[in-house]
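The values are calculated or read from the model by the stated rules, or taken from the named source; none is laboratory data. Computed from a prediction, not measured in an experiment: that's the story for all the values here. Glycine gets a Cβ as well: all are built from the backbone with ideal geometry, and neighbour counts include every protein chain shown.
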Amino acid sequence: MSKAGKTWDPGNPDRLYIITSGRSRTGKQTRLDLVTLVVSRAAPDPGLQPEHSAIVQMCDYPLSIAEISAYLTLPVSTVTVLVTDLLKEDQVEARPPVPVAALPNVQLLEAVMHGLQNL
Amino acid sequence: MDYKTSDPYAGPRKEDILPSSTAAAVKVVIVGGFGVGKTTLVGTVSEIRPLTTEETMTQAGVGVDDLAGIEHKIETTVAMDFGRISINEQLVLYLFGTPGQERFWFLWDGLFEGALGAVVLLDTRRLEVSYDVIGLLEERGVPFVVAVNTFPGSPVHPMTELRSAMDLPESVPMFTCDARDRASCRDTLMALMRYLYHLTNEISEPQ
């Protein structure tokens, strides 16, 4: 088992470097927001590294980038790199947030107000 | 095994799962000074136990000029609490609370970008902090409302006094809220939505 043996310090920058292969940017792919929802397309490919596999597993149902970051205790930028890999592999799909230009549209605001009323 | 639990990457609890039909999310940012009740507010209205996300941010060293050609950068990890409210089967609202040094949060790439708007929780003990925050929101064109969290025993300032101390235009809604009270927090978010609604209509229907 690759898990056995060494302990990982989640705050260790080396870990972040290794799991992202030293990448801090995701290139020109879809821009992933904090609240972009990620949903798995299938069971994780057995060849995936543990972090990738964990994301595919937990995104059985939609989860935001922020939630993935919270559950994995990984920085948002690291999660973004990992999710971009998974998008390339077609392991997950991304549901971008509702676009808000300068101001949100009326239908969106009405929906949110209606939802808040039910709180 | 080195792990305390059998599954080191625990995902959401069953009750925290979003329906598969959830198509998109929107976000609102709660800003304000340290200890002013942002995390409380997020926790009060969130349907999930608030979670913590983090980001590594690189900031140019203070007082270093580019002419020297030396890359002097400071890397810091900052953490932020957030919560979630399901609006309907398709739409979910995320609330991000920004603790700590306020200026810092504007460096978090994509935090304010695409946000519906912001709630400024006013710190009546340190108005200058909120003053800074409001300035930055205005600069970035992020629409906001101002809420004064009522702590038991906190000094009571008349709203008009606070408004003029903050140099806040009449058009920006300002009201009191109790961050521990769900209905009050909901009303705070409602006030932001109504304000956004008003701004949107104002632009789409010119006089």
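Across region B:28-49, the number of residues qualifying as under 17 Å from B:V146 (Cα atoms) and among the charged types (D, E, K, R) comes to 1.
Against the test of being crowded, with 21+ Cβ neighbours inside 10 Å and in contact (Cβ under 8 Å) with a residue 24 or more places away in the chain, the options B:M166, B:M174, B:M193 yield a single qualifying residue, B:M193. Of all residues in region A:82-118, how many are under 13 Å from A:V38 (Cβ atoms) and in a helix (DSSP H, G or I)? Result for region A:82-118: 6.
Inspection of region A:47-62 identifies at least one residue that is assigned to a loop (DSSP other than H, G, I, E, B) and of a type in the set (A, V, I, L, M).
Starting from residues that are assigned to a helix (DSSP H, G or I) and in contact with a strand residue (DSSP E or B) (Cβ under 6 Å, 6 or more places away or on another chain), keep the ones in region B:104-133 and report whichever is nearest to B:Y94 (Cα to Cα). Lay out the reasoning, then the answer.
Filtering region B:104-133 down to residues assigned to a helix (DSSP H, G or I) leaves B:104-105, B:127-133.
Among the residues that remain, those that are also in contact with a strand residue (DSSP E or B) (Cβ under 6 Å, 6 or more places away or on another chain) are: B:130, B:133.
Working: B:S130: 22, B:V133: 20 Å.
Per the stated criteria, the residue is B:V133.
Among the residues of region A:63-81, those that are facing chain B (nearest Cβ under 7 Å) and not in a helix (DSSP H, G or I) comprise A:L63, A:S64, A:P75. Taking the numbered list (1) more than 18 Å from A:E67 (Cβ to Cβ); (2) outside any helix (DSSP H, G or I); (3) at pLDDT 90 or above in turn, B:L41 passes all entries but (2). Could you tell me how many of the residues in region A:20-46 are modelled with pLDDT of 70 or more and either within 15 Å of the chain's Cα centre (by Cα) or closer than 9 Å to A:A94 by Cβ (or both)? Within region A:20-46, residues that are modelled with pLDDT of 70 or more and either within 15 Å of the chain's Cα centre (by Cα) or closer than 9 Å to A:A94 by Cβ (or both) number 13. Can you tell me which residue within region B:118-138, out of those that are surrounded by fewer than 23 Cβ atoms within 10 Å (Cβ to Cβ) and within 14 Å of chain A (Cβ to nearest Cβ), is farthest from the chain's Cα centre (by Cα)? Among residues in region B:118-138 that are surrounded by fewer than 23 Cβ atoms within 10 Å (Cβ to Cβ) and within 14 Å of chain A (Cβ to nearest Cβ), the one farthest from the chain's Cα centre (by Cα) is B:E138.
Looking at A:V79, A:V98, A:V92, A:V106, which is the one that is free of Cβ contacts under 8 Å to residues at least 12 places away in the same chain, buried (at least 16 other Cβ atoms within 10 Å of the Cβ) and β-branched (V, I, T)? Talk me through it step by step, then tell me what you get.
Numbers: A:V79 fails: free of Cβ contacts under 8 Å to residues at least 12 places away in the same chain; A:V92 fails: free of Cβ contacts under 8 Å to residues at least 12 places away in the same chain; A:V106 fails: buried (at least 16 other Cβ atoms within 10 Å of the Cβ).
Going through A:V79, A:V98, A:V92, A:V106 in turn, the sole match is A:V98.
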